[in-house]
Amino acid sequence: MFYDNNANRLRKEILMRVARAHFTKEPADMLDRIPMAMRPKRSEPSRCCIHKDRAVLKYRCMAALGFSVEDETDELKPISAYYAEAARRTKAVAPALTVIDEACSACVTSRYSATNACRGCIARSCESACPKDAIEFRDGQARLNPDKCVNCGLCMKACPYHAIIRIPIPCEEACPVGAITKDEATGRETIDHDKCTYCGKCLRECPFAAISDLSQMIDVLQALKGGKAVALVAPSAARQLPGSLPQLVTALKQLGFTHVVEVAEGADETARHESEEWAEKMGAGERFMTTSCCPAYIETVEKHLPGMKPFVSHTPTPMGFSAAKVRRADPESVTVFIGPCIAKRVEAAKNPEVDYVLTFEELGAMLVGARIDVLECTDSPADSFAHREGRGFAASGGVTRAIQATAPAKAALKPLLVDGIDRKMLSQMRVWANKSCSGNFVEVMSCTGGCIAGPGTVGNPNTARKQLDSSLEKSPSMVAAPLIEASCGTD
Amino acid sequence: MKKTTVTICTGTTCYIMGASHLQRLDEVLDPALLEQVEIVGSRCLGYCDANGHGKAPFVKVDDQLIADATLDKVLAQIRKTLAKGAL
């Protein structure tokens, strides 16, 4: 399972070590020693030797400080120099996923391979199934000639012993839009940023943790010193950190945020406006409308589904509404969105009202660095007032429920849900946009399960879902209960 | 019979490093074994700050400390501890 494995833990350990160093008196020394501290002399290497491990760890630190590995110009430049440079940045770096090419194990290109399970049988169905004459027999066993193989997979289907296997390239498999491909010259993966939607699926699926996004952690830690930073906490915060939301509010204030706002309040606004927009559009005879809150979906539309563009809602996202409200109250405030999403960094780069985006992983690392234990924190109320409808945005189906609750009663909502964007869903959406769509309201979530299962989450999506559901039950609804008794009384 | 106590540290470090996923232990544990153990969450046990204990997340099965804990490691230790107790 990809939610908790050693690759994922490694990424978090790097963030934590960088954050810890930031809070010491001499960050430079501690930062430069991270690779050695993590791979001390005579420790067990995970690659060929500890020296390569250390080199990779240094690149991981670069990404944790917000630098693309591809941009390295001087191999001698120490981690501390990148840190000093990061601390001087006054603006978030342009969002990008970076491939740590030293860490990329250059997965084999040949997708099909005959294993030792081959019995060299008489039937040799694989040989007759292969249209390209790519099966050769050596030492009584089948071998695939990579120069002839076209990866059709017919041999695999034909073998009665299941001796032919398909070896996938996990990042390429995970990418719904074909944005990550092998560089033929080096065998390493490269990301085409003109195609990438920042969904984060490759980052999460790479078994070598070779893909990283550019962290904004140091930028936020610097911004906190100015005493103007406001935390905008995504609705999916449940179970992302230990303790309750009121405890998290206290922890964030101890970290240096002046205010803590639940973005679920902004989501309430999104629900209200989106249901009005939907009713108007249906009234005007439009076929259907899709949600607009998932930034990876918006990138997908921009780059791969141009036909869908007219159907996407124009309502601002919950983050957009919340950030605008914070800026209205104090135009000088530094707005920091904290969520499960790396595509939000792209949305923030387009929205001048959002300064920085942190993932829950980064926030966790910062709390560890600052030695704030959430469970030891007292309760504080958030500086916002959110309802059940907005809080529900965190999981798939939540936006639909909010629209159902707030849409004018006479309109008939026929909802459809895209619970995770993969290649199949992409073609499905293309059909909806260009031909016909059986629903009239489409909720789109790039991550299966919704935001609570995003690439920047810490919590387990199943437990997060349970926690979210129970908190929704306790949350007030923004829809006033219908006054049935009052209308009866007039008869 | 005294139950075996499984203590999952949920201090911030352990939680971030994977304890959030270990909290599903009750779902993956064999019902027969589940009856014999008590799973408790704990505030920071302090191992993350002290040297020599290994990496977070930390879990204790009775007095046996597990570093860099995974569901598999915890399950194996529970079986071991219970088998010893049954002798």
Discussion item. For the structure I just gave you, tell me whether B:V61 is touching a residue at least 24 places away in the same chain (Cβ under 8 Å), out of contact with any Leu (no Cβ under 7 Å at 6 or more places or on another chain), over 25 Å from A:P40 (Cβ atoms) and within 14 Å of chain A (Cβ to nearest Cβ).
Written reply: no
Worksheet item: Residues of segment A:386-413 being open to solvent by 40 Å² or more (accessible area, probe 1.4 Å) and either among the polar types (S, T, N, Q) or under 27 Å from the mean Cα position of the chain (by Cα) (or both), which ones?
Response: A:R388, A:R391, A:R401, A:Q404
Practice prompt. Filter segment A:450-481 down to the residues that are open to solvent by 10 Å² or more (accessible area, probe 1.4 Å) and in contact with an Asp or Glu (Cβ under 7 Å, 6 or more places away or on another chain), then identify the one that is modelled with the lowest pLDDT.
Written response: A:M478
Item to complete: Filter segment B:1-54 for residues that are farther than 24 Å from A:N8 by Cα, surrounded by fewer than 14 Cβ atoms within 10 Å (Cβ to Cβ) and touching a residue at least 12 places away in the same chain (Cβ under 8 Å) and give the result.
Response: B:M1, B:K3, B:L33, B:E38, B:V40
Worksheet entry | Qualifying residue in segment A:103-122 (condition: out of contact with any strand residue (DSSP E or B) (no Cβ under 9 Å at 6 or more places or on another chain) and within 22 Å of A:A7 (Cβ to Cβ)) | yes
Worksheet, complete the sentence: A:V346 vs (1) open to solvent by 20 Å² or more (accessible area, probe 1.4 Å); (2) away from chain B (no Cβ under 14 Å): all pass except (1)
Discussion item. Being hydrophobic (A, V, I, L, M, F, W, C) and at pLDDT 90 or above is the requirement here; does A:A123 meet it?
Written reply: yes
Fill in: Criterion (assigned by TED's automatic domain parsing to the domain that holds A:L252, among the aromatic types (F, W, Y) and outside any helix (DSSP H, G or I)) met by exactly one of A:F321, A:F337
A:F337
Worksheet item: In segment A:208-225, which residues are open to solvent by less than 20 Å² (accessible area, probe 1.4 Å) and either polar (S, T, N, Q) or closer than 20 Å to A:E72 by Cα (or both)?
Response: A:A209, A:A210, A:I211, A:S212, A:L214, A:S215, A:Q216, A:M217, A:I218, A:D219
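Got at least one residue in segment A:414-426 being of a type in the set (D, E), surrounded by 19 or more Cβ atoms within 10 Å (Cβ to Cβ) and over 15 Å from A:E274 (Cα atoms)? I'd like the intermediate steps shown before the answer.
So in segment A:414-426, the residues of a type in the set (D, E) come out as A:419, A:422.
When the remaining residues are screened for being surrounded by 19 or more Cβ atoms within 10 Å (Cβ to Cβ), the result is none.
For segment A:414-426, residues of a type in the set (D, E), surrounded by 19 or more Cβ atoms within 10 Å (Cβ to Cβ) and over 15 Å from A:E274 (Cα atoms): absent.
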Response to the item:
Among helices (runs of 4 or more DSSP H) entirely inside segment A:1-84, those with 3 or more residues being more than 14 Å from chain B (Cβ to nearest Cβ) and buried (at least 19 other Cβ atoms within 10 Å of the Cβ) are A:27-32, A:50-64
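Look through A:L221, A:L232, A:L248 and report the one residue that is closer than 23 Å to A:P455 by Cβ, out of contact with any Lys or Arg (no Cβ under 6 Å at 6 or more places or on another chain), in contact (Cβ under 8 Å) with a residue 60 or more places away in the chain and within 14 Å of chain B (Cβ to nearest Cβ). Break it down into steps so the answer makes sense when it comes.
Values: A:L221 fails: within 14 Å of chain B (Cβ to nearest Cβ); A:L232 fails: within 14 Å of chain B (Cβ to nearest Cβ).
Going through A:L221, A:L232, A:L248 in turn, just one is closer than 23 Å to A:P455 by Cβ, out of contact with any Lys or Arg (no Cβ under 6 Å at 6 or more places or on another chain), in contact (Cβ under 8 Å) with a residue 60 or more places away in the chain and within 14 Å of chain B (Cβ to nearest Cβ): A:L248.
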Worksheet item: Quick one: would you say A:L245 is hydrophobic (A, V, I, L, M, F, W, C) and either farther than 18 Å from A:A323 by Cα or open to solvent by 10 Å² or more (accessible area, probe 1.4 Å) (or both)?
Response: yes
Item to complete: Could you check, for segment A:91-103, whether at least one of its residues is open to solvent by 20 Å² or more (accessible area, probe 1.4 Å) and either within 14 Å of chain B (Cβ to nearest Cβ) or not in a loop (DSSP other than H, G, I, E, B) (or both)?
Response: no
Worksheet item: Do you know which residues across segment A:374-423 are in contact (Cβ under 8 Å) with a residue 24 or more places away in the chain and acidic (D, E)?
Response: A:D379, A:D383, A:E389, A:D419, A:D422
Worksheet item: Failed condition for A:A405, given (1) touching a strand residue (DSSP E or B) at 6+ places or on another chain (Cβ under 6 Å); (2) more than 14 Å from chain B (Cβ to nearest Cβ), with all others met?
Response: (1)
Worksheet entry | Qualifying position, being under 25 Å from A:R465 (Cβ atoms), of a type in the set (A, V, I, L, M, F, W, C), open to solvent by less than 30 Å² (accessible area, probe 1.4 Å) and touching a Pro at 6+ places or on another chain (Cβ under 7 Å), among A:A237, A:A264, A:A231 | A:A264
Response to the item:
All-but-one check, A:L305 against (1) within 14 Å of chain B (Cβ to nearest Cβ); (2) more than 30 Å from B:M17 (Cβ to Cβ), failing number (1)
Discussion item. Among the residues that make up segment B:59-76, is at least one of them surrounded by 13 or more Cβ atoms within 10 Å (Cβ to Cβ) and more than 26 Å from A:E13 (Cβ to Cβ)?
Written reply: yes
Worksheet item: For segment A:114-128, which residues satisfy the criterion of being open to solvent by 30 Å² or more (accessible area, probe 1.4 Å), aliphatic (A, V, I, L, M) and in contact (Cβ under 8 Å) with a residue 24 or more places away in the chain?
Response: A:A117, A:A123
Item to complete: Working only within segment A:450-475, note down all residues that are within 21 Å of A:E274 (Cβ to Cβ) and in contact with a Pro (Cβ under 9 Å, 6 or more places away or on another chain).
Response: A:G450, A:C451, A:I452, A:G454, A:L468
Worksheet item: Quick check: is even one residue across segment A:360-373 more than 14 Å from chain B (Cβ to nearest Cβ) and either surrounded by fewer than 23 Cβ atoms within 10 Å (Cβ to Cβ) or within 16 Å of the chain's Cα centre (by Cα) (or both)?
Response: no
Practice prompt. May I ask you to list the residues in segment A:303-325 that are in contact with an Asp or Glu (Cβ under 8 Å, 6 or more places away or on another chain) and of a type in the set (V, I, T)?
Written response: A:T315, A:T317
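The values are calculated or read from the model by the stated rules, or taken from the named source; none is laboratory data. On a predicted model such as this, the values are computed, not experimentally measured, just so you know. Every residue, glycine among them, receives a Cβ derived from its backbone with ideal geometry; neighbour counts consider all protein chains shown. What goes into the accessible areas is simple: the full protein's heavy atoms, side chains included, and nothing from ligands, DNA or RNA. Shrake-Rupley method; radii C 1.70, N 1.55, O 1.52, S 1.80 Å.
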